[in-house]
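Have a look at the structure below, then the notes.
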2 protein chains.
Amino acid sequence: MNPFQFTLETTSGAARAAQFATPHGVVHSPAFMAVGTLATVKALDPEDLRAMDAQMILANAYHLHLRPGDETIRELGGLHEFMRWDGPILTDSGGFQVFSLEGLRTVDEEGVEFRSHLDGSKRRFTPESVMRIERNLGADVIMQFDHVIPGQSEHAIARDASERSLRWLARCRAEFARQNDVDVIPGRREQALFPIVQGGIHADLRREAARAIREMGDWSGFGIGGLSVGEAKPDMYRILEEVHEELPADRPRYLMGVGFPEDLVEGVRRGVDLFDCVAPTRMGRNGAALTKDGRINLRNARHRADPGPLDEGCDCTTCRRFSRAYLRHLVTADEMLGLRLLSLHNVHFLVALMREARAAVADGTFDAWSDAWLARYLAGERARGAVARPVLPHFKKS
Amino acid sequence: MNPFQFTLETTSGAARAAQFATPHGVVHSPAFMAVGTLATVKALDPEDLRAMDAQMILANAYHLHLRPGDETIRELGGLHEFMRWDGPILTDSGGFQVFSLEGLRTVDEEGVEFRSHLDGSKRRFTPESVMRIERNLGADVIMQFDHVIPGQSEHAIARDASERSLRWLARCRAEFARQNDVDVIPGRREQALFPIVQGGIHADLRREAARAIREMGDWSGFGIGGLSVGEAKPDMYRILEEVHEELPADRPRYLMGVGFPEDLVEGVRRGVDLFDCVAPTRMGRNGAALTKDGRINLRNARHRADPGPLDEGCDCTTCRRFSRAYLRHLVTADEMLGLRLLSLHNVHFLVALMREARAAVADGTFDAWSDAWLARYLAGERARGAVARPVLPHFKKS
């Protein structure tokens, strides 16, 4: 029996409360997945993630292939054992990273040749080699190798990339099946391969891609890629609505690389179950914190002697213990504890936000809850004169 | 009644197992105190320190005066509340830091004028102003403001500095007494002022200083300063023996700034109860770890695929969970978790070392235990071709 069972519990419009079973435990969705690119969620301890009841975390095939090497991780018992996280893990294939190496890579039908961002060494990723890497890492869910393009790409370019991603998906699946008989990691349990729906901001391409993927067979879940990469927010929301209509209701949908609070709520409204983003830990390392009234920057002098917590009513271990004044002191003094405590709060914020959304779906109050939540958060953002969220750099080395 | 009661439990030669009561709990000695210069033990969470049963920690008056300001900390309820450490705290006066500002400070009988290492602003420390700063911070034990000199200073210079330190001690005590009636921090409990025995590597000066301090009155404990600042190790050990003979047996002795494992064991052999040093956290941030067989550097390629713990048999939360291979990966990738896990192990190593020494004194096996411990540790150091420990930079900004 397929160990990757997805069970819908309640729906509210397109929003869904569900359970996604994996060999390393059940993911209660909607859920935000913290990103542990290099087999560590930056600045956090696995115990921190367990304490906040994080449901599932991410790691990255490209980065771990380069350092310490997926073979090394396999020898050491796989990713779960290596990083001591016994909950569900998903690995991204590295498509996004490889295609971000502008000027350092060449693409053909076979795959991508690129130079390592670490030492400039020449490497080649193909759908087959990426499957072998993700097998070695041993995550529960592994993503296909896909052709990623900028968010505003025109129709013809988006079509080419989407169609190539479909052909590469077929090759991923063949290689994935071939490796199913090999005992890659002793005691390793089964993995699920997720396809990725591409097609840029073009509704017809997105629908065609979703249909083509479904025609290829049954999948345990679906990735939605190529969003939050520079396109306008209304475009992202519109595309989610199109894709929602094409994907099967009884499988999880994972919106890749999206992690701003308002996008999570808007995503849940459009049928998304899983999210991930480096934003909460990156913001934490930059001295910024998420609150129910928008983002704040701890470097701001007005927090200098503030005895209150980062976010009133938050039950994370940062807010339960420390004042804004202390956190500001740590951040201005570049103390590591400050970066950890802010990262911890920010990841907890998104994990708890999705927990709240799940509860609202379950008890039939999701519409009112999400309206109120967004109104408060966005009012706070406007009051601080926040412009649209900052566009994330297209490629961050680690 | 003086809340700073020191109770000897057992002795073994000069070595002592004792309890030192403070308003924030009992310190079981000998004990290593982790250094939280800026009101945070670098890279660690107060929970980490509690989990390893750290007995007492340090903070620094000079650094906290400059940032965030001792007045700010007082307004926020004092250091314990600010950094959320409810165990005993000791503050160093900042004498060491101020005198390390070579070229940026001028000394006269009144005090020291110096420029902040942060913004170059002109400041003045006097025994009186330092007492007010340490009152504002509200630690349990506060150190006198003293005149610190390099470790190899000649007799005349050492005499001048030692005698000035004695005169400054009298002024510290007068100011300390004056402030005893003021409710500096609401609910603040009592503080103890420790004098510091100076005198460089000159036995006669050390003995004279110790006697002069004792003649000034009763003290709750004694600092031994100006060691581990560039002098040879045999000089340090010899001076400890001289000072041991002059200090009262029924008061704790705190050897300032000393924290290499072999020096801790040698110090306990010579009657020292308390130690502190930035070495374990600084080593952790540099990728080095303490083991019972000497120091290791995780950047070394031989740890690349090593599934074993940092230190066999260690029960710290790093060694109980993570392999050398994973820690090496984190360190080479500059991941914050790696620096935290190594710092945690290193501080735990010294805290546990003193716990072991205490148990050996208590059960009468200290001589054999310390011989065996030093033999194993130093053999490991020699096998790795370690030269004498690196001399710490004279002044580290934070």
Residue A:352 being away from chain B (no Cβ under 14 Å), under 24 Å from the mean Cα position of the chain (by Cα) and part of a strand (DSSP E or B): no
Those residues of the stretch A:148-170 which are modelled with pLDDT of 95 or more and in contact with a helix residue (DSSP H, G or I) (Cβ under 8 Å, 6 or more places away or on another chain), in sequence order: A:155, A:158, A:159, A:162, A:165, A:166, A:168, A:169
Some residue of the stretch A:258-267 being closer than 25 Å to residue A:198 by Cβ, out of contact with any Ser or Thr (no Cβ under 9 Å at 6 or more places or on another chain) and surrounded by 20 or more Cβ atoms within 10 Å (Cβ to Cβ): yes
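Results for (1) hydroxyl-bearing (Ser, Thr, Tyr); (2) closer than 26 Å to residue A:272 by Cα; (3) surrounded by fewer than 16 Cβ atoms within 10 Å (Cβ to Cβ), shown as yes or no for each residue.
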residue: A:325; (1), (2), (3): no, no, no
residue: A:329; (1), (2), (3): no, no, no
residue: A:352; (1), (2), (3): no, yes, no
residue: A:365; (1), (2), (3): yes, yes, yes
Filter pass, residue A:359 being more than 12 Å from chain B (Cβ to nearest Cβ), open to solvent by 40 Å² or more (accessible area, probe 1.4 Å), in contact with a Ser or Thr (Cβ under 9 Å, 6 or more places away or on another chain) and not hydroxyl-bearing (Ser, Thr, Tyr): yes
Residue list for the stretch A:318-349, filter: over 17 Å from residue A:42 (Cβ atoms) and either outside any helix (DSSP H, G or I) or away from chain B (no Cβ under 11 Å) (or both): A:319, A:320, A:321, A:322, A:323, A:333
Residue A:285 open to solvent by 50 Å² or more (accessible area, probe 1.4 Å), within 14 Å of chain B (Cβ to nearest Cβ) and within 30 Å of residue A:224 (Cα to Cα): yes
Single unsatisfied condition, residue A:176 versus (1) part of a helix (DSSP H, G or I); (2) among the aromatic types (Phe, Trp, Tyr); (3) touching a strand residue (DSSP E or B) at 6+ places or on another chain (Cβ under 6 Å); (4) open to solvent by less than 10 Å² (accessible area, probe 1.4 Å): (4)
Options A:295, A:206, A:253; residue that is closer than 23 Å to residue A:89 by Cβ and in contact with a strand residue (DSSP E or B) (Cβ under 9 Å, 6 or more places away or on another chain): A:253
Tally of residues being of a type in the set (Val, Ile, Thr), within 12 Å of chain A (Cβ to nearest Cβ) and buried (at least 24 other Cβ atoms within 10 Å of the Cβ) across the stretch B:72-92: 1
Some residue of the stretch A:142-151 being in contact with an Asp or Glu (Cβ under 6 Å, 6 or more places away or on another chain) and in a loop (DSSP other than H, G, I, E, B): yes
Filtered residue count, the stretch B:338-367, keeping only those that are out of contact with any helix residue (DSSP H, G or I) (no Cβ under 8 Å at 6 or more places or on another chain) and of a type in the set (Gly, Ala, Ser): 4
Residues satisfying the stated conditions in the stretch A:289-323, i.e. touching a residue at least 40 places away in the same chain (Cβ under 8 Å) and open to solvent by 20 Å² or more (accessible area, probe 1.4 Å): A:292, A:293, A:295, A:317
Residues located in the stretch A:1-39, provided they are open to solvent by less than 10 Å² (accessible area, probe 1.4 Å), assigned to a strand (DSSP E or B) and small (Gly, Ala, Ser): A:15, A:17, A:18, A:29, A:31, A:34
Selection from the stretch B:268-281 of residues that are open to solvent by 40 Å² or more (accessible area, probe 1.4 Å) and within 14 Å of chain A (Cβ to nearest Cβ): B:278
Residue B:306 vs. criteria within 14 Å of chain A (Cβ to nearest Cβ) and farther than 21 Å from residue B:47 by Cβ: yes
Enumeration of residues in the stretch A:93-149 that are under 24 Å from residue A:74 (Cα atoms) and among the aliphatic types (A, V, I, L, M): A:98, A:112, A:118, A:130, A:131, A:133, A:137, A:139, A:141, A:142, A:143
Condition broken by residue B:353, with the remaining ones in (1) farther than 22 Å from residue B:285 by Cα; (2) modelled with pLDDT of 95 or more satisfied: (1)
Residues that are surrounded by fewer than 24 Cβ atoms within 10 Å (Cβ to Cβ), part of a helix (DSSP H, G or I) and not hydrophobic (A, V, I, L, M, F, W, C), drawn from the stretch A:40-64: A:46, A:47, A:48, A:50, A:63
One residue from B:128, B:110 being open to solvent by 20 Å² or more (accessible area, probe 1.4 Å), of a type in the set (D, E, K, R), modelled with pLDDT of 95 or more and not in a loop (DSSP other than H, G, I, E, B): B:128
Filter result (out of contact with any Lys or Arg (no Cβ under 6 Å at 6 or more places or on another chain) and in contact (Cβ under 8 Å) with a residue 24 or more places away in the chain) within the stretch A:129-139: A:130, A:131, A:132, A:133, A:134, A:135, A:137, A:139
Out of B:69, B:36, sole residue that is in contact with a strand residue (DSSP E or B) (Cβ under 8 Å, 6 or more places away or on another chain), within 14 Å of chain A (Cβ to nearest Cβ) and at pLDDT 95 or above: B:36
Single residue of A:105, A:159 found to be out of contact with any Asp or Glu (no Cβ under 7 Å at 6 or more places or on another chain), surrounded by fewer than 24 Cβ atoms within 10 Å (Cβ to Cβ) and either in contact (Cβ under 8 Å) with a residue 12 or more places away in the chain or charged (D, E, K, R) (or both): A:159
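The values are calculated or read from the model by the stated rules, or taken from the named source; none is laboratory data. All of these numbers come straight from a predicted model, not from anything done at the bench. Here the Cβ is made from the backbone with ideal geometry for all residues, glycine too, and neighbour counts use every protein chain on show. Heavy atoms of the whole protein, side chains included, go into the accessibility calculation; ligands, DNA and RNA do not. Shrake-Rupley method; radii C 1.70, N 1.55, O 1.52, S 1.80 Å.
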